Amino acid sequence: MRDKMSQTIEVTVSRYNPDMDSKPRYAKYEVPYTRGMVVLDALHYIYENKDSSLAYRWNCRTGQCGSCSIMVNGKPKPACRAPLESGRSYLLEPLRHFPVVRDLVVDLDRGVSRLQKIRPYLNRVRPAPRPERIPRQEADKVAELRKCIECWSCVAACPAVVDAWQEFIGPLGSRKLASLEFDPRDVEDRARMAFMSGIYDCTTCGACKESCIKDIDVRRDAIEALRAQAVGRGYGPLPGHADIIHNVETTGYTVEKQSTPFTDMVPEVVKVEDPVDEVVLFPGCLMNLRIQDVAMNVVEVLKRNRVQVKIPKEFQCCGSVLFRTGARAAAGKLVAQNVDYFEKLGTKKLVGLCPGCMSTIKQDWSLVLHEIGHAPYKFKAMDINEYLVHDLGIEKLNTKDLHPMNLTATYHDPCHLNRGQGISSEPRALLMLIPGLRLVETQESDRCCGSGGGVRAGRRQLSYEIGDRKMKSMADTGADAFVTSCSFCTIQLMDGAARLGLRQKIFNITDLLAMSYRGKGLAG
Ligand code: FES
């Protein structure tokens, strides 16, 4: 049966005519809604029925030409592949990082000319033989990367392609370089080109994959693959990464010991009366050696919920830094030692606070174990939010001992928790358990803070530039506290608050829960 127009949706469009306007303005339109509509249909409706001066690009309407990409409610995507939902309102803006020609039309020359510099075409030594036979396994390696329709959404989503578009070529160019690097017919040193094109500027936040209608995993298949090639040829990693990698290889941790490690502050088993569950805690390097108070608060929260906690005294780094910076060759041994140790401890549930660690354990460990012929791990790896909300069950959590906290907080979604593990509602649900706490949302709460992917260690200035934008958007909420759920983000936000002289303190969710259990507010 044909759909009937049943209601309208509100569509706000950024309008800008350089001949008449000094800056963009926003125009609101009521658009009749029909089930199955996409954003491009709304633009067609506005153009045909409301204002034929509206400028926007489109061609194929089937997600193939890549010409219709715009920002839809702050997220870049092809308008012909962005479904509309009834009851929602939409804000449509031109693609970020490009100069606006008019309304939703941007000048892509900035990106195209950046791309031209890497000679984005197959470069051979001599003409191909006919017929040219390419083994299936060689073609398969680049098949996913070749699905790109060059819509530039990934570039608009990328936090490292800052407005000045520094040396980083961005996800689209990196994807192109990887597709040529792994094409046996191409003779150029694409790994060197990638290194010279800022491959280490990527924070591995995954926003490019999220924006990609072809679901290309640029982080894994292009950025990290090119970094591994660059390390193999002696170009990478960056000097800032070398010490960290050396630390991991010699001490088992990314950072050196400066004070008593968390694992030395607590017994092997933190016992509780009448336990409902038992978990092994994965502290990660930073909670163990830098922010031990955060780890203590995680233990407090678990204790208050009658969960017995085993402390892995001899755990080692998860290897995240090795995977993210391309020094993957050293990862196999480290992961195997960790897995053997946790299996020996009798681990059934491995719970961690740091999303960088937990996404590495969930996504990289199995792959590397398979590569080195090691048996897969048998325990269940979980982020603390996931464990509390789903495994233990949010409805069963101890809320009667939570004391009111007069606090307005805003939450930063860590990339490796939100996009990396699909966990974003859980931290908010936990925060809302605290009586008196008011949660205000930061605009683009899921935008990267600039600490990941080795950027904080290797490209500190860029990391600050990305981080400052995040700090500003969090401060704009007027919240008293900035909350996150990640060791790396915590340190980056603390650093940013100090650098910018912000009044807000930085907390992890488990810090606030532990404070609420103890009956101490901010002053405590
Ligand atoms: Fe071609 Fe949208 S119109 S991708």
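The values are calculated or read from the model by the stated rules, or taken from the named source; none is laboratory data. Keep in mind that this is a model prediction, so the values were computed, not measured. Cβ: placed from backbone, ideal geometry, glycine included. Neighbour counts: every protein chain shown. The protein model used for the area step is the full one, side chains on, heavy atoms only, and it has no ligands, DNA or RNA in it. Shrake-Rupley method; radii C 1.70, N 1.55, O 1.52, S 1.80 Å.
Please tell me if ASN49 is outside any strand (DSSP E or B), without any contact (Cβ under 8 Å) to a residue 40 or more places away in the chain, open to solvent by 40 Å² or more (accessible area, probe 1.4 Å) and within 16 Å of the ligand (Cβ to nearest atom).
no
With respect to (1) aliphatic (A, V, I, L, M); (2) open to solvent by 30 Å² or more (accessible area, probe 1.4 Å); (3) over 21 Å from CYS317 (Cα atoms), the lone exception for ALA242 is condition (3). Any idea how many residues of region 436-454 are out of contact with any Lys or Arg (no Cβ under 8 Å at 6 or more places or on another chain) and closer than 11 Å to CYS205 by Cα? Residues meeting the conditions: 1. Within region 265-286, residues that are basic (Lys, Arg) sit with their Cβ atoms under 8 Å from residues that are open to solvent by less than 50 Å² (accessible area, probe 1.4 Å), at 6+ positions apart or across chains, in these pairs: LYS271/GLN308.
Check whether at least one residue in region 464-475 is aromatic (Phe, Trp, Tyr) and crowded, with 22+ Cβ neighbours inside 10 Å, and report yes or no. Checking region 464-475: not a single residue is aromatic (Phe, Trp, Tyr) and crowded, with 22+ Cβ neighbours inside 10 Å.
Can you pull out the residues in region 1-23 that are under 32 Å from the mean Cα position of the chain (by Cα) and at pLDDT below 95?
Pass one, region 1-23, residues under 32 Å from the mean Cα position of the chain (by Cα): 9-16, 23.
Answer for region 1-23, where residues must be under 32 Å from the mean Cα position of the chain (by Cα) and at pLDDT below 95: just LYS23.
Scanning region 29-46 for residues that are within 15 Å of the ligand (Cβ to nearest atom) and touching a strand residue (DSSP E or B) at 6+ places or on another chain (Cβ under 6 Å) turns up VAL38, VAL39, ALA42.
For region 78-90: of the residues being surrounded by fewer than 20 Cβ atoms within 10 Å (Cβ to Cβ) and part of a strand (DSSP E or B), which is farthest from the ligand (Cβ to nearest atom)? If we take residues in region 78-90 being surrounded by fewer than 20 Cβ atoms within 10 Å (Cβ to Cβ) and part of a strand (DSSP E or B), then TYR90 is farthest from the ligand (Cβ to nearest atom).
Whenever a residue of region 333-353 is open to solvent by 60 Å² or more (accessible area, probe 1.4 Å), its partners that are hydrophobic (A, V, I, L, M, F, W, C), lying with C-beta atoms within less than 6 angstrom and at least six residues away or across chains, give the pairs LYS348/PHE379.
Would you confirm whether any residue within region 485-507 is closer than 18 Å to ALA429 by Cα, outside any loop (DSSP other than H, G, I, E, B), hydroxyl-bearing (Ser, Thr, Tyr) and open to solvent by less than 30 Å² (accessible area, probe 1.4 Å)? Within region 485-507, none of the residues are closer than 18 Å to ALA429 by Cα, outside any loop (DSSP other than H, G, I, E, B), hydroxyl-bearing (Ser, Thr, Tyr) and open to solvent by less than 30 Å² (accessible area, probe 1.4 Å). Only residues that are open to solvent by 40 Å² or more (accessible area, probe 1.4 Å) and either under 18 Å from GLY74 (Cβ atoms) or among the β-branched types (Val, Ile, Thr) (or both) were counted in region 429-455, giving 4.
Of all the residues that make up region 93-107, how many are under 25 Å from the mean Cα position of the chain (by Cα) and away from the ligand (no atom under 14 Å from the Cβ)? Show your work before the answer.
Kept after step one, since they are under 25 Å from the mean Cα position of the chain (by Cα), are these residues of region 93-107: 93-98.
This time we only want the ones that are away from the ligand (no atom under 14 Å from the Cβ), so: 93-94, 96-98.
Going through region 93-107 one residue at a time, the tally reaches 5.
Annotation: ILE70 fulfils all but one of (1) open to solvent by 20 Å² or more (accessible area, probe 1.4 Å); (2) under 25 Å from ALA207 (Cα atoms); the unmet one is (1). Taken over region 137-172, residues that are open to solvent by less than 10 Å² (accessible area, probe 1.4 Å), at pLDDT 95 or above and part of a loop (DSSP other than H, G, I, E, B) amount to 0.
Out of all the residues in region 355-381, which are part of a strand (DSSP E or B) and surrounded by fewer than 23 Cβ atoms within 10 Å (Cβ to Cβ)?
Of everything in region 355-381, just one residue is part of a strand (DSSP E or B) and surrounded by fewer than 23 Cβ atoms within 10 Å (Cβ to Cβ), namely LYS380.
Sort out which residues of region 261-308 are aromatic (Phe, Trp, Tyr) and closer than 18 Å to ASP383 by Cα, and write them in order of number.
We begin by selecting, within region 261-308, every residue aromatic (Phe, Trp, Tyr); these are 262, 282.
Passing the criteria: only PHE282.
Among the numbered criteria (1) in a loop (DSSP other than H, G, I, E, B); (2) open to solvent by 30 Å² or more (accessible area, probe 1.4 Å); (3) more than 14 Å from the ligand (Cβ to nearest atom), which one does ARG61 miss? In the conditions (1) in a loop (DSSP other than H, G, I, E, B); (2) open to solvent by 30 Å² or more (accessible area, probe 1.4 Å); (3) more than 14 Å from the ligand (Cβ to nearest atom), ARG61 misses (3) alone. Only a single item in (1) within 16 Å of the ligand (Cβ to nearest atom); (2) touching a helix residue (DSSP H, G or I) at 6+ places or on another chain (Cβ under 9 Å) is not met by LYS147, and it is number (2). When GLY232 is tested against (1) farther than 24 Å from CYS357 by Cβ; (2) open to solvent by less than 40 Å² (accessible area, probe 1.4 Å); (3) among the small types (Gly, Ala, Ser), just one condition goes unmet, and that condition is (2). Out of SER22, SER67, which single residue is in contact (Cβ under 8 Å) with a residue 40 or more places away in the chain and either within 14 Å of the ligand (Cβ to nearest atom) or polar (S, T, N, Q) (or both)? Result: SER67 is the single residue among SER22, SER67 that is in contact (Cβ under 8 Å) with a residue 40 or more places away in the chain and either within 14 Å of the ligand (Cβ to nearest atom) or polar (S, T, N, Q) (or both). GLU93 meets the conditions (1) of a type in the set (Asp, Glu); (2) open to solvent by less than 60 Å² (accessible area, probe 1.4 Å); (3) farther than 23 Å from TYR16 by Cβ in every case but one. The failed one is (3).
Scan region 392-436 for residues that are aliphatic (A, V, I, L, M), in contact (Cβ under 8 Å) with a residue 24 or more places away in the chain and over 13 Å from PHE482 (Cβ atoms) and jot them down. Outline the logic, then answer.
At the first step, the residues of region 392-436 found to be aliphatic (A, V, I, L, M) are 392, 394, 397, 402, 405, 407, 409, 417, 423, 429-434.
Going one step further and asking which of them are in contact (Cβ under 8 Å) with a residue 24 or more places away in the chain, we end up with 392, 394, 397, 402, 405, 407, 409, 417, 423, 429-431, 433-434.
LEU392, ILE394, LEU397, LEU402, MET405, LEU417, ILE423, ALA429, LEU430, LEU433, ILE434 - these are the residues of region 392-436 that are aliphatic (A, V, I, L, M), in contact (Cβ under 8 Å) with a residue 24 or more places away in the chain and over 13 Å from PHE482 (Cβ atoms).
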